[in-house]
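Trainee: Got a structure for you, written out below as structure tokens; questions coming shortly.
The values are calculated or read from the model by the stated rules, or taken from the named source; none is laboratory data. Remember, predicted model here, so these are calculated numbers, not experimental data. Cβ sites come from the backbone with ideal geometry, for glycine too, and all protein chains shown count toward neighbours. The area values use the complete protein model at the heavy-atom level, side chains included, leaving out ligands, DNA and RNA. Shrake-Rupley method; radii C 1.70, N 1.55, O 1.52, S 1.80 Å.
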Amino acid sequence: RMLIPWGGASLVYLLALLFSVFSMNANSLIHYPIEPYIFGSEPVDLFFSLFVTVPFTWPIYFLRKDNFLQYVSMRIEPKTYLGIQVFTSLTLCFLMILLVNIAGVAFSLNIADVITNTQGYFLTDYILGDIQMANPLKFGTLWSFYKACIGTLICLLGQIFAYHVKNLFYALLAPFAFVILEGFLTDVTGLSRFSFTTTFVPNRLAPKAMTIGNLAVGLSVFVIAIIVASKTLSRHDQSDN
């Protein structure tokens, strides 16, 4: 049942990424084969939270809305069924991000129109910068795995909203709105180095800002947001009942 939306979302995500990588390669000076992917993934990542939530959260919403969990209780414990549903969604989300981004990196390496007669900037100071230059496929695979983990966290937040929020529009767009608002506020306050967006956009800021410690802060804040959202929405459900 979930393979159809997974396949559709994967195809749209893949085509958008490949088109963006191709455009960046054609319109930018490329010094390293990984750069078309790095430049090209950034505009697509603006909608990253939509790609990783919308295809995977609506089934949870309708499980609750249609009271399906009450009917399924005759065959299986509702919490067990819900856990299987969430685990399946997170697994498919992880695989989509991993495969699409590896494909994007491979595409970048194959089409990169590298400038060889000019001195380009070095990526050494970025996280795994030497690997970005010397072994971009290895870096791309590692980054895709890491990015898939980040996307799974966003998908989990989407699952929480979809289960508790009674409006489908709000349920689907809540994670996207959260990520956009968080990115805007950190930009305005000069704290972009701690932004959650910075954790999944490669080389988004200057190397000194993109340290492992700064990325850990952004990830920690988002995990806390997931916990707070889960507890707050659960209490709201209990008060309504």
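Trainee: Please compute the contact order of region 131-217 in relative form: average sequence separation of alpha-carbon pairs under 8 Å and at least six residues apart, divided by the residue count, as a percent.
Mentor: Details: 48 pairs, mean separation 14.5, N = 87.
So the answer I get is 17 percent.
Trainee: Return, for the Cα atoms of region 120-241, the radius of gyration and Dmax in Å, separated by a comma.
Mentor: 17.1, 62
Trainee: Going by average Cβ neighbours within 10 Å, how do the peptides 144-157, 100-113, 202-215, 82-95 rank, with the highest at the top?
Mentor: Details: 144-157: 21.0, 100-113: 19.4, 202-215: 15.1, 82-95: 17.6.
Ranked from most to least packed, the peptides come out as 144-157, 100-113, 82-95, 202-215.
Trainee: Looking at M210, Q159, I180, which one has the Cα that reaches farthest to the positive end of the dipole of region 111-215 (charges on Cβ: Lys, Arg +1; Asp, Glu -1)?
Mentor: It is Q159, whose Cα lies furthest towards the positive end.
Trainee: Given the rule -39500 (n - 2.57) for each run of at least 4 DSSP H residues, summed and divided by the residues of the chain, what is its mean residue ellipticity at 222 nm, to the nearest 500 deg cm²/dmol?
Mentor: Computed mean residue ellipticity for the chain: -25000 deg cm²/dmol.
Trainee: For the chain, taking Cα atoms only, what is the radius of gyration to one decimal and the Dmax to the nearest whole Å?
Mentor: Expressed in Å, the Cα Rg and Dmax of the chain come to 19.6, 71.
Trainee: For the chain, what are the DSSP H helices with axial Cα length of 27 Å or more and mean Kyte-Doolittle hydropathy of at least -1.0?
Mentor: Values: long enough: 3-27 (35 Å, 1.38); 78-111 (49 Å, 1.52); 136-164 (42 Å, 0.91); 168-188 (30 Å, 1.79); 212-240 (42 Å, 0.83).
Membrane-span-like by this rule: 3-27, 78-111, 136-164, 168-188, 212-240.
Trainee: Which whole-number percent gives the relative contact order of the chain, counting Cα pairs below 8 Å spaced six or more residues apart?
Mentor: Working: 287 pairs, mean separation 59.3, N = 241.
Once divided by the residue count of the chain, the mean separation gives 25 percent.
Trainee: Write down the accessible area per residue of the chain in Å², having rolled a 1.4 Å probe over the full set of protein chains.
Mentor: Accessible area per residue: 52 Å².
Trainee: Student exercise: in the chain, how many lysine pairs 8 or more apart or on different chains have Cα atoms under 29 Å apart?
Mentor: Lysine pairs meeting both conditions in the chain amount to 11.
Trainee: Can you send over the carbon and sulfur percentage of the accessible area for the chain, probe radius 1.4 Å, protein chains only? Before the final figure, lay out the partial values.
Mentor: Working: 8660 of 12460 Å².
Within the chain, the accessible surface is 70 percent carbon and sulfur.
Trainee: By what distance, in whole Å, do the Cα atoms of region 104-166 stretch along each of the three principal axes, largest value first?
Mentor: 59, 24, 18
Trainee: Provide the packing ranking of 183-190, 4-11, i.e. peptides ordered by the mean count of other C-beta atoms within 10 Å per residue, highest first.
Mentor: Details: 183-190: 12.2, 4-11: 15.1.
Packing order, densest peptide first, comes out as 4-11, 183-190.
Trainee: Here is a further query. Amide H to amide H, which residues 5 or more places from I30 or on other chains are under 5 Å from it, using H placed in the peptide plane?
Mentor: The answer is I115.
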